[in-house]
1. Being over 29 Å from residue 53 (Cβ atoms) and surrounded by 13 or more Cβ atoms within 10 Å (Cβ to Cβ) narrows it down to one residue among 235, 245; which is it?
2. Limited to region 119-132, what total is found for residues that are touching a strand residue (DSSP E or B) at 6+ places or on another chain (Cβ under 9 Å) and either surrounded by fewer than 17 Cβ atoms within 10 Å (Cβ to Cβ) or part of a loop (DSSP other than H, G, I, E, B) (or both)?
3. Residue check: is residue 208 more than 18 Å from residue 50 (Cα to Cα) and under 32 Å from the mean Cα position of the chain (by Cα)?
4. Scanning region 50-67 for residues that are out of contact with any helix residue (DSSP H, G or I) (no Cβ under 7 Å at 6 or more places or on another chain) and assigned to a helix (DSSP H, G or I), which turns out surrounded by the fewest Cβ atoms within 10 Å (Cβ to Cβ)?
5. Answer yes or no as to whether residue 185 is under 30 Å from residue 37 (Cα atoms) and surrounded by fewer than 18 Cβ atoms within 10 Å (Cβ to Cβ).
6. Name the residues in region 142-182 that are in a strand (DSSP E or B), over 20 Å from residue 15 (Cβ atoms) and touching a helix residue (DSSP H, G or I) at 6+ places or on another chain (Cβ under 6 Å), would you?
7. If I filter region 169-180 down to residues being more than 19 Å from residue 50 (Cβ to Cβ) and touching a strand residue (DSSP E or B) at 6+ places or on another chain (Cβ under 9 Å), which single residue comes out as surrounded by the fewest Cβ atoms within 10 Å (Cβ to Cβ)?
8. Cβ-Cβ under 8 Å, sequence separation 6+ or interchain: first residue in region 73-84 and touching a residue at least 60 places away in the same chain (Cβ under 8 Å) and in the same structural domain as residue 62 (by TED's automatic domain parsing), partner surrounded by 20 or more Cβ atoms within 10 Å (Cβ to Cβ) and part of a loop (DSSP other than H, G, I, E, B). Which pairs?
């Protein structure tokens, strides 16, 4: 006899053999015992959970030659020995017609079925039509079947199996009894696989059976198909196949959840390098980014369920070992953190479906898990603001930075000439204030908001990676112009006198260049710097559009912070674009700027109607006009 796959060999032949569908089998057995037979049934649910199998068993029970209560058939279960049961089980019964509705879905096929249904069964009690994948039938074909379903002959029973009952018209569903099949539980699938392994005389590890049951995802047929494949590829010990967890995992293309547990530990430690190294190891081993993201999503979901309902909850359809692993990972995070992680990975998994560089997007999604650990909960901020309580950075970090500067106080104000060494080593006071300087009462709300978000900004880097404070010499450097005194302690210095414009320009442009804005730094350095009262006015040589593109928001922030650290309170920095029609001869650095290509006839050409029309049409700023017809 030809080999039969496990899904067909161990297909249930009795209602009692159907796993995980007790609510369906119990109702059908009671209906058979009470002779309450409907003329139409709809069996819906997940793939591979027994819909068509139950339809065949019901057909055997309806046409069984043995009477219920007899010696051959003491219960409503089919006897499995009479001619009708044997033929139906073999699939060659004359009065039980199985139709693939995915192929025979048109109105012509349904009309033929309707015409054949008028005739009595050839031998058995009922003529039974089993329509598999019934949702594939067209609306016109369903309408052709509607009258037959509403007033069927007494000998006709329709059974429709479908995975999408919502696609069947409501007029059809209302005329049938609808049975919704459940996904088979993990424990039930695992028990079935264990029994089949014993009957097939296969040595299988419990971890391997757990992997197969989890891979089935609620489908008994899927689990049996994967088990059949695993047996065929397993190594034999004395002629007996042996299923091992590592082999099954390799066959399925999955990795151990221990790797994802280590990834979550890296997230807790805010160790992005370790996270990326583990992801790179998985990718280099040949695992697809989508598969890694899918497993990460499943693991995070299990961790969330373990945190909410506990390790022993029925929400976790995994083995005991995986329950313990999910519980350990869930214990180090809050429910909000796990929910945020799961949402991030779900978005990453969706992005991988239509992205070209899948590896980059997977790495970006994993990095987001690390970065979300550095966020402060909004409810904590609002609660602290309402009570006026200090908000320490220890609420989210395991360790706090130690090299921070104290907030300024009136007693710490000093006056000294500026030094170029202190201009590039001073720490931003907004991110350096410790929790002790937070507001202690509701009356200081505005200051509290600034300190809270300053503390949040200081968490943007790992506290462990903060550099130690750089010692600075206490000897001021002599200079012909006034300078700031060096930092002698961890206290903020308050400047009383503004520095010279040339020194201020060099310091600010240096800070911008160090911050990665070399173009903006060169632009400001080539401008005109002059004091106008308490405002430093910087006149540049480019238009406002180009100034906005080059001197962007980040460059402005660096320039203003550098200016604020070197000037007394109340002084402002104003960077202006080139004024219309103004000459650039007043700029002492004009020789450094590229010369403009302007024709000698440019003043006359500017009045030309064509030039003026072009200026109005394009709303443009005309910097230069070159007459190509002009003789050299």
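The values are calculated or read from the model by the stated rules, or taken from the named source; none is laboratory data. Nothing here was measured: the structure is a model prediction, and the numbers come from that model. Using ideal geometry, Cβ is built from the backbone for each residue, glycine included, and neighbour counts are taken over all protein chains shown.
1. 245
2. Residues in region 119-132 being touching a strand residue (DSSP E or B) at 6+ places or on another chain (Cβ under 9 Å) and either surrounded by fewer than 17 Cβ atoms within 10 Å (Cβ to Cβ) or part of a loop (DSSP other than H, G, I, E, B) (or both): 5 in total.
3. Yes.
4. 52
5. yes
6. Of everything in region 142-182, just one residue is in a strand (DSSP E or B), over 20 Å from residue 15 (Cβ atoms) and touching a helix residue (DSSP H, G or I) at 6+ places or on another chain (Cβ under 6 Å), namely 162.
7. Selected residue: 173.
8. 78/64
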